[in-house]
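For reference, the structure discussed in these notes is given below.
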Amino acid sequence: MLDRHKALPWATAGIVAASFVVPALGVYRVIALTPTAAHIVPAVVASVLLLPVQLWLVLNAARGRSAAVHRWALAAMAVVILLLLPVTGPQWLGALFPLSALVLVVMPRPYAIVTFAALVVLPIPYAYSVGAPADAGYFAFGTLMYGLGVALPIWLLAAIREWHEARLALATDAVVLERIRIDGELRPIVGSALTTIAERGQAASERTLDDPAAAERQLRALVDGSRHALSDVRRLVRSYQTVSVRSELWAAVHLLDAVGIRAELRLPAADLPLRLDEHERAELQARVATVLAAADKVVRCVVTATLADGRLRLDVLAYDLNGQPMEVGAV
């Protein structure tokens, strides 16, 4: 099963490939249906020259890149296509297909909608003016559908990328806030202890010659204070090293999610125990490892925590490609 995080480049490649097929068919249509070589040659030459520009613009739009050079390239492409309309005949209206899609994804939104609507309508008066009314509806509808057919997947990719970036930003903010919280808890203990140690050390050094007994008392107080501070720091660090049941369960769910398995965690309304014992932790890890080993056959996994008579029970249930449950086991 393809990891959805790795699917974005494939989706981008698919959009670029799809955007190539219709213009290529348009060149064939011009060659097959245009009666004179005087009309065919400029259309084929323009198509060959414009195709790399079109693919470059589609690729950058699919990757979420937007710059002034893209808009200038689109403007040049539009000028060439529109100037060739009187020369090449009605079959050249197929060049409006990729142009309409690029208008939607490259231009700013208000202008893009107006320009796109104008491109959709353009084939109708042009086809009637050159005596080819049968082509009016075909090219107008084709411009509409091709433009939306290419633009919508590109917009979807952009939304997915923004979602990924938002998740990364939230994770970064969470790490920063956690560091700030830890710093706020350590500062009163470590900072005040270091200040006290420095003050008592300075006082003891000043009394070493004048009052050795007082200096000795200061040193003993300094040692006792250092030991208490060290004990407080150890206790605080030990509390950071203790992982809660909720954190361990969420870690398992995120691990499954990272390999492309849609994981869900169901927790009871009551408070969970503080931590898992070694046996429960080993069993949970074994169940998750079993699901990971069958990742190519599993599309969804539900981890359920329940409390019965004060005892924690963890059920891990996986679902295969057909949506059928696969009992992994209970802890």
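The values are calculated or read from the model by the stated rules, or taken from the named source; none is laboratory data. Computed from a predicted model, the values in this text were never measured in an experiment. Neighbour counts run over all protein chains shown; Cβ positions are idealised from the backbone, glycine included.
Screening ALA169 on (1) under 14 Å from the mean Cα position of the chain (by Cα); (2) in the same structural domain as PRO23 (by TED's automatic domain parsing) shows it passes everything except condition (2).
Looking at ALA127, ALA78, which is the one that is out of contact with any Asp or Glu (no Cβ under 7 Å at 6 or more places or on another chain) and not hydroxyl-bearing (Ser, Thr, Tyr)? Explain how you work it out, then say what you get.
Details: ALA127 fails: out of contact with any Asp or Glu (no Cβ under 7 Å at 6 or more places or on another chain).
Testing whether each residue is out of contact with any Asp or Glu (no Cβ under 7 Å at 6 or more places or on another chain) and not hydroxyl-bearing (Ser, Thr, Tyr) leaves just ALA78.
With respect to (1) modelled with pLDDT under 75; (2) farther than 30 Å from HIS164 by Cα, the lone exception for LEU2 is condition (2).
Looking at the range 128-142 only, could you name the residues that are of a type in the set (Ser, Thr, Tyr) and farther than 15 Å from THR88 by Cβ? Steps first, answer last, please.
Quick first cut of the range 128-142, residues of a type in the set (Ser, Thr, Tyr) only: 128-129, 138.
Within the range 128-142, TYR128, TYR138 qualify.
Can you name every residue in the range 100-121 that is among the charged types (D, E, K, R) and closer than 15 Å to MET77 by Cα? Please lay out each step first, then the result.
So in the range 100-121, the residues among the charged types (D, E, K, R) come out as 109.
Residues satisfying the conditions do not exist here.
Among the residues of the range 58-69, some residue qualifies, meaning at least one is among the polar types (S, T, N, Q) and farther than 23 Å from VAL130 by Cα. Test ASP271 against the stated conditions and say whether it is surrounded by fewer than 16 Cβ atoms within 10 Å (Cβ to Cβ), within 30 Å of ASP183 (Cα to Cα) and at pLDDT 70 or above. Yes, satisfied. Inspection of the range 231-246 identifies no residue that is modelled with pLDDT of 70 or more and in contact with a helix residue (DSSP H, G or I) (Cβ under 6 Å, 6 or more places away or on another chain).
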